[in-house]
1. Just read off the accessible area of SER193 with the full protein assembly in place, 1.4 Å probe, to the nearest 10 Å².
2. Contour minus end-to-end for SER118 and THR351, with contour as 0.36 nm per residue of separation and end-to-end as the Cα-Cα distance?
3. Over 26 Å between Cα atoms, which of LYS211/LYS253; LYS10/LYS377; LYS177/LYS377; LYS10/LYS373; LYS143/LYS211 qualify?
Amino acid sequence: MSIDWNILRKGVAGTLSEAESRELTRWLEASEKYRELYRRMNRSVSYAPSREQLARWRTGFHMALEQAVRQRKKRRAVRWGISAAAAALALWVSTTLWFTGPQDPVPAPDHPILLTMSSGEVIEWERVLADEAFDLNGRLAGKQEAALSLLAAEHEPAGEALETELPLAALYIPRGKEFQLELADGTRVWLNSDTRFEFPVSFSAAQRTVKLHGEAYFQVSQDPERVFSVEMDGMAVMVYGTEFNINSRDPQKHCTTLISGSVSVSVGGGAEILLQPGQTLQADLLRGETRLHTYDVNRHAAWRSQAYFFENQTIAEILEELTLWYDVEVEFADRAARQERFSGWLQRKETIGAMLHPIASTSYVRFEQQGRKIIVKINEKN
């Protein structure tokens, strides 16, 4: 059973509407795992332990880790069990515990968002003035509340499709930035860091097709006469009016997550695979394999709410995601550090150090900072 991540955040803040409160109650009643996650979220916001309590917890924490280290020599499976519990404790109790990683802030990346016309002309989005209309491949566009919006052309009534699509424009969103835009049909798109998105400024009467490399969240405007499709290298998603998330960065882990509505996925031109809400299709394009999962969709869509949701993921997988936002280089000094696992909910912080803090608090890994490089090591002290 899934729930909108914003409802969880509003629940913690105490700003739920009556309808949202009922939805949250149903979600909490569905599983003890959900109730525990929500309790941890509340504690992370509302509970501020004393220094004495933190000292006692730290002592108990290290005693448990020392015992785990002794046991893992005989039975390595214990390592993950203790590590996951320790990670959860460190994450939800406090972000001031035992951080041995980087303290100095890494300068925020300042790469421009690039908008490319069909002619090849490139515009730096940050230089476009707010509320100023400009010509984008033969159609008026505007910068409204920092998002790109396609405006109705004088010769084209709003909502009316052309016989053929106009040439494609392209957006590139660099590391450390996100972007929003509204397409000609009213579809809204959120683009994550390190993403390229190609789109026509007007859709044809027969189809609505865009191209993606990276990660994006879509709210597709319903149009029974024209299927909306997202094309990627070796894969296509057909949409029938819905909300979904796509991550196409890794050819071995193309992920399409359906939030609501209906989509189908075709891999390598093969048969369409229909997804149900709450399902994620992971495709390995190199092997031609697909796997369908059903679990919390917020793991894949949390980035849209300025958060990360990690569930039993390796440090390598987690840092691969974080580097897209903080634009840092990661080096693993110990191979074993790549396979350490962590579960937790993290909000984007001002510094990479603040993000790595709760992960380092597991005491199985530590982070060293050298400029824009983060070196990951096993913490031998434990």
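The values are calculated or read from the model by the stated rules, or taken from the named source; none is laboratory data. These figures come from a predicted structure and were not determined experimentally. Surface areas here come from the heavy atoms of the whole protein model, side chains and all, with no ligands, DNA or RNA. Shrake-Rupley method; radii C 1.70, N 1.55, O 1.52, S 1.80 Å.
1. 0 Å²
2. Extra length available between SER118 and THR351 comes to 80.2 nm.
3. LYS10/LYS377; LYS177/LYS377; LYS10/LYS373
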